[in-house]
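Student: First, the structure itself, so that you have it in front of you.
The values are calculated or read from the model by the stated rules, or taken from the named source; none is laboratory data. All figures in this text were calculated on a predicted structure; none of them were measured in a lab. Quick reminder, even Gly has a Cβ in these numbers, built from the backbone with ideal geometry, and neighbours come from all protein chains shown. The protein model used for the area step is the full one, side chains on, heavy atoms only, and it has no ligands, DNA or RNA in it. Shrake-Rupley method; radii C 1.70, N 1.55, O 1.52, S 1.80 Å.
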Amino acid sequence: MNTDTRKPAFKASADASADAAPSQRLGGLYVHVPFCFKKCPYCDFYSITDLSLTEAYLSALDKETALAAPAPFTFDTLYMGGGTPSVLDTGQIARIIDTVLKRFTVKRGCEITMEVNPGTVSLQDFRDFRRAGINRINMGVQSFQDENLAFLGRIHSAADAEKALENARSAGFDNVGFDLMYGLPGQSVDGWLKDLSRAVFHNPQHLSCYMLSYEKGTLMDRDRRRGRIRPLPDQSVAKLFETTVAFLQKNGIAQYEISNYADSPRSRSRHNQKYWHFAPYLGFGPGAHSFIDPKRSWNHRDMDTYISLLKQGRRPISGNESLSRDQQMIEAIYLGLRTTDGIDLAGFEDRFDTDFTQLFDTVGDELAGRGLIHMADGRCALTRPGMLLLDSIVDRFVMQL
């Protein structure tokens, strides 16, 4: 499932909050719930299957939030990711939300998102989630086809996914999104369109469509290296990406980031956009990251260490860094180009006191001439073909720094 335990990312922006003092900016809160019934073979996020540690985790989480409070800014998002937060009972979910919200200043109308596995929830669970204050659901569907789910090692069936989405609506959720995965070995355009068609049928406010990747250290990457899995060729994956953008756009769900789509600007993930706009955020739980410009830190990716340190009254921070100007510039380019809005050139100049078009005149002209980027309305953005070459395009910009 989509979580925020990845390395934090940044996007230069002229957004008013980007240049405000910390006390004037709206931050995000992230809670990593690292429990799963079963580890998916493609997942490289930190998680464990020992549910006997849930109470010790909740106690440690309470201590961690107490040590981090108060914060010098107001928050308007809370995202509970994992792992699989929905393996906890609804009372424990409510306890997490109450703990976090009482410790920090939270704006009225806060976006409170919870990741859900379709195989772990009932209609009553969704009703309880709403009562606990959750107002946005992000569900790890991945596919509406049982053979795909089996390959991905998911614990739910296609029928479970369909029912869970129906139950979320029945419980009163009107802001529902879910994840799909494509680029599976042997996957065809027609096969992928079946998943997209079922997705559209459920009228999601938000969709995340991820290309299957073989992350180092995962079971799936091991099987790839041993020849047990033959990855889909790059050109076939590219075709599925193009199919995704076109099909969803035709059905009123617009791309706003390489992997993310929404039925309106209001449905975009308010929390995830903070990572692209240099907004401050605090992360809690093993493996979670925090960022207060220009410093970021990350927690230990080990439950025993996490719990032990907090029992000692120590914060469970594994490392931290202050990004140099060049590092910030590189990440601003990378994350800016991931979005369909692209890099705000005025915001880039304000932040780094340099003219983007002059600094990158040679590479900019080359990439524009190849149809990979376009410069318009004060922005530099990737074209659809350019999105397929994001990493190599960013490398070209880095080489000119």
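Student: With unit charges on the beta carbon (Lys/Arg positive, Asp/Glu negative), name the residue among Thr340, Cys209, Pro118 whose Cα is farthest towards the positive pole of the charge dipole of the chain.
Tutor: Pro118
Student: So how strong a dipole does the range 106-175 carry about its Cα centre when Lys and Arg Cβ are +1 and Asp and Glu Cβ are -1, to the nearest 20 debye?
Tutor: Its charge dipole is roughly 460 debye.
Student: Of all alpha-carbon pairs in the range 193-351, indicate the percentage at a distance above 29 angstrom.
Tutor: Values: 5057 of 12561 pairs.
Summing the P(r) tail past 29 Å for the range 193-351 gives 40 percent.
Student: What whole-number value in Å² describes the accessible area per residue of the chain for a 1.4 Å probe? Don't skip to the answer; put the middle values down first.
Tutor: Details: 16960 Å² over 401 residues.
Solvent-accessible surface per residue comes out at 42 Å².
Student: Something else now. Can you tell me what share of the DSSP beta bridges in the range 149-293 is antiparallel? A percent to the nearest 5 is fine.
Tutor: Working: 7 of 13 bridges.
Roughly 55 percent of the beta bridges in the range 149-293 run antiparallel, per DSSP.
Student: Something else about it: Lys102: which aspartates and glutamates have alpha carbons under 15 Å from its alpha carbon, excluding same-chain residues fewer than 8 sequence positions away?
Tutor: Answer for Lys102, where 15 Å is the Cα cut-off: Asp62, Glu64, Asp76, listed by chain and number.
Student: Using just the C-alpha positions of the range 187-254 as equal point scatterers, what log10 of I(q)/I(0) does the Debye formula give at each q in 0.15, 0.21, 0.22, 0.29 1/Å?
Tutor: Values, matching the q order: -0.59, -0.91, -0.95, -1.28.
Student: Work out, step by step, the length gained on full extension between Lys216 and Asp234: first 0.36 nm times the residue separation, then minus their alpha carbon distance; give nm to one decimal.
Tutor: Gain on extension, Lys216 to Asp234, equals 4.6 nm.
Student: Here's a follow-up. Which of Ala376, Ala69, Ala199 moves most in a GNM of the chain, Cα contacts under 10 Å?
Tutor: Ala376
Student: Rank these by accessible area, largest first, 1.4 Å probe: Leu26, Leu248.
Tutor: Working: Leu26 55, Leu248 0 Å².
Sorted by accessible area, descending: Leu26, Leu248.
Student: Test of understanding: what is the full-extension gain from Leu58 to Asp174, defined as 0.36 nm times their sequence separation minus their Cα-Cα distance? Write down the numbers at each step before the final one.
Tutor: Details: separation 116, 0.36 × 116 = 41.76 nm, distance 2.88 nm.
Computed gain between Leu58 and Asp174 is 38.9 nm.
Student: Would you calculate a helix-derived [θ] at 222 nm for the chain, using -39,500 (n - 2.57) for each DSSP H run of n ≥ 4 and dividing by the full residue count, to the nearest 500?
Tutor: Values: 16 runs with 158 residues, N = 401.
So the helix-based figure for the chain works out to -11500 deg cm²/dmol.
Student: Which of the aspartates and glutamates could a cross-linker span from Lys216 if the Cα-Cα distance has to be under 15 Å and same-chain partners fewer than 8 positions apart are dropped?
Tutor: Correct list for Lys216: Asp44.
Student: Evaluate E = 1/(1 + (r/R0)^6) for His374 and Asp223, where r is the Cβ-Cβ distance and R0 equals 56 Å; express this FRET efficiency to the nearest 0.05.
Tutor: With a Förster radius of 56 Å, E is 0.90.
Student: Let me know the charge dipole size of the chain about its Cα centre in debye, to the nearest 20, where only the beta-carbon of Lys, Arg (+1) and Asp, Glu (-1) is charged. Before the final figure, lay out each step's value.
Tutor: On the way: 47 positive and 49 negative charges, 177 e Å.
It comes to approximately 860 debye.
Student: What's the FRET efficiency of Lys250 with Arg130 using the Cβ-Cβ distance as r and R₀ = 30 Å, to the nearest 0.05? Display every interim value, and only then the final one.
Tutor: On the way: r = 32 Å, r/R0 = 1.07.
The value I calculate is 0.40.
Student: Have a look at Ala376, Val363, Leu152 and report the one farthest towards the positive end of the charge dipole of the chain, computed about the Cα centre with Cβ charges (Lys/Arg +1, Asp/Glu -1).
Tutor: Leu152
Student: If you don't mind, there's one more thing I want to ask. Percent of accessible area on the chain owned by carbon and sulfur, 1.4 Å probe? Provide the component values of the computation, followed by the final result.
Tutor: On the way: 7980 of 16960 Å².
Looking at the chain in its full context, I get 47 percent from C and S.
Student: Where in the range 110-146 does the label zone of Ser264 land, with the point 7 angstrom along Cα→C-beta and an amide N cut-off under 17 Å?
Tutor: Under 17 Å, as judged by backbone N against the label point of Ser264, lie 111, 136-137 of the range 110-146.
Student: If one computes the Cα centroid of the range 194-213 and of the range 66-123, what distance in Å separates the two points?
Tutor: 24
Student: Which lysines, if any, have their Cα less than 24 Å from the Cα of Lys250, not counting same-chain residues under 8 positions apart?
Tutor: Lys194, Lys239
Student: Follow-up question, since we're still on this one. Once the Cβ-Cβ distance between Asp350 and Asp50 is put in as r, and R0 is 41 Å, what FRET efficiency do you end up with, to the nearest 0.05?
Tutor: Numbers: r = 48 Å, r/R0 = 1.18.
It comes to 0.25.
Student: Please list the non-local residues whose amide H lies under 5 Å from the amide H of Tyr79, H modeled 1.01 Å from N, same-chain partners needing a gap of 5 or more.
Tutor: Counting only residues 5 or more places away or on other chains, the set is Leu29, Tyr30, Val31, Thr113.
Student: Considering only DSSP beta bridges whose two residues both sit in the range 123-212, what percent are antiparallel, to the nearest 5? Please report the intermediate quantities before stating the final value.
Tutor: Values: 0 of 10 bridges.
If we restrict to bridges inside the range 123-212, about 0 percent are antiparallel.
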